[in-house]
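Chemist: Quick one: this structure, given as structure tokens, is what I'll be asking you about.
Every number in this text was worked out from the coordinates using simple rules, so none of it is lab data. Everything numeric in this text was worked out from a predicted model, so none of it was measured. All Cβ positions, glycine included, derive from the backbone under ideal geometry; neighbour counts span all protein chains shown.
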């Protein structure tokens, strides 16, 4: 292992953590400890900082040694390492799991110091209010500062998010409805489109929420908060249903947003508070599959009445399996999945449509703002545990691989609307060959 590069250590650590087992744990921990003694620079280019900290952070956390992740952060930060955003999200998850608010405050203040966008000042100031007492370590987080070639205009995720924050602030929105309208208006601006569940998708989501209101200690989950748009919508609906039913005030949240990207977490929390929903909505940092363990700990079995999946389509089926495995789905729980056609969620759609555990309807409707671009949403009602879907056809596995490839291209800013439309046509054809179709949604 002494001959391994840092990249080799990261891949080995992640792979063995996924496999699990006592032997795997010892290998993971040895990789993480070796990485703490290695310089955080690329083997191929000494001037290039690594983007592998999150691999060590997750593998050490999932194998029961989260202190190794913090040791790595401290060791690399002392050598000038600017850590990637997912690592901060994972460490925020660990701080919340272990009920250590000071550690989360340390990360939030590091984000505030590292921010390359002045529009986030109010957001980070709100998140850090009253959090940290005493000196802070010199951690730093890498923000997405990519720019368009030629024009030099910022085009990264954080740049788009900073423009949204500025527009929401200038709108003066102070309630949930006004915030939803401010985000909607922002998305219609030139170069400001956001892939959120607006327009017809919002109507479909509202109908699904009305059809399965909460009762007792049940909670609604959102997988992938992004900017907090749907989080606010779900929180408003849950709070209205709670008041309409004349239920006593609850100390537990009615809606949980699960998001690994820490800047999105902060903006989502800020919007929720701005909309007066902090008493009924929480946004948790971390990966959904890991946060579901915490949800089970805090809310118990059969607590999830509604799940909205809006993160990575090729992971929907894994999160659905985790929901079933942890016995989190309540009777008649609804699982609503967005972007089933584009970028596509082929394995989820196959399982939800073929498993006797679910009664699923798939709807075809226009994308938010880009109404001419077709997308699908699946609404699955949980009927009983124990159902198994047949093995998916090979062409669906290939479609999932293609979906991830196109998603990566989209994150790098290299996919046109026309190319997405062509991919959607291809995905629709593959689905049809596998007997999966959608009904048109008219509202």
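Chemist: Once a ≥ b ≥ c are taken as the square roots of the eigenvalues of the Cα gyration tensor of the range 224-341, is the result rounded (a/c under 1.5), prolate (a/b larger than b/c) or oblate (a/b not larger than b/c)?
Modeler: oblate
Chemist: Further, regarding this structure: Return the single residue from 91, 72, 221 with maximal mean-square fluctuation; model: Gaussian network over the chain, springs between Cα atoms under 10 Å.
Modeler: 72
Chemist: Sticking with this one: If you count the DSSP beta bridges with both ends in the chain, what percent of them are antiparallel, to the nearest 5?
Modeler: Taking every DSSP beta bridge with both residues in the chain, the antiparallel ones total about 40 percent.
Chemist: Past the 28 angstrom mark, what percentage of all C-alpha to C-alpha distances in the range 296-443 do you count?
Modeler: Here the tail beyond 28 Å accounts for 19 percent of pairs.
Chemist: Please order 196, 335 by the number of other Cβ within 10 Å, starting at the fewest.
Modeler: 196, 335
Chemist: Let me ask something additional. Can you give the helix-only mean residue ellipticity at 222 nm for the chain, where every DSSP H stretch with n ≥ 4 adds -39500 (n - 2.57) and the sum goes over all residues, rounded to the nearest 500 deg cm²/dmol?
Modeler: Mean residue ellipticity, 222 nm, calculated: -15500 deg cm²/dmol.
Chemist: Then there's this: Below 8 Å, C-alpha to C-alpha, sequence gap of six or more: please give me the relative contact order for the chain in percent.
Modeler: 11
Chemist: Once you keep just the Cα pairs under 8 angstrom separated by 6 or more residues, what percentage relative contact order results for the range 189-346?
Modeler: With pairs under 8 Å counted, the relative contact order is 26 percent.
Chemist: Also: How would you rank 25, 405, going from fewest to most other Cβ atoms within 10 Å of each one's own Cβ?
Modeler: 405, 25
Chemist: Calculate how large, on average over all directions, the projected area of the Cα convex hull of the range 191-440 is; give the answer in nm² to one decimal.
Modeler: Its Cα hull, projected and averaged over all orientations, spans 12.7 nm².
Chemist: In vacuum, with every alpha carbon of the range 155-283 counted as one equal point scatterer, what does the Debye formula give for log10 I(q)/I(0) at q = 0.21 Å⁻¹? Two decimals, please.
Modeler: These q points yield log10 I(q)/I(0) values of -1.27.
Chemist: Rounded, prolate or oblate: pick one for the range 275-339, where a ≥ b ≥ c are the square roots of the eigenvalues of its C-alpha gyration tensor, a/c under 1.5 means rounded, and failing that, prolate if a/b is larger than b/c, else oblate.
Modeler: The shape class here is rounded.
Chemist: How large is the convex hull of the Cα atoms of the range 261-309 per residue, expressed in Å³ as a whole number?
Modeler: Considering the Cα atoms of the range 261-309, their hull volume per residue is 93 Å³.
Chemist: With a 10 Å Cβ neighbour count serving as the proxy for reagent exposure, in which order, fewest first, do 31, 24, 36 appear?
Modeler: If I rank by nearby Cβ atoms, fewest first, I get 36, 24, 31.
Chemist: Next up: Treat the chain as a sphere of radius equal to its Kirkwood radius over Cα pairs and apply Stokes-Einstein at 25 °C in a medium of 0.890 mPa s; give the translational diffusion coefficient in µm²/s, rounded to a whole number.
Modeler: Calculated translational D: 108 µm²/s.
Chemist: Just 188, 229, 382 to compare: in a GNM of the chain, with alpha carbon springs under 10 Å, which one fluctuates most?
Modeler: 188
Chemist: How much of the DSSP beta bridge set in the range 191-440 is antiparallel, as a percent to the nearest 5?
Modeler: The antiparallel fraction comes to roughly 40 percent.
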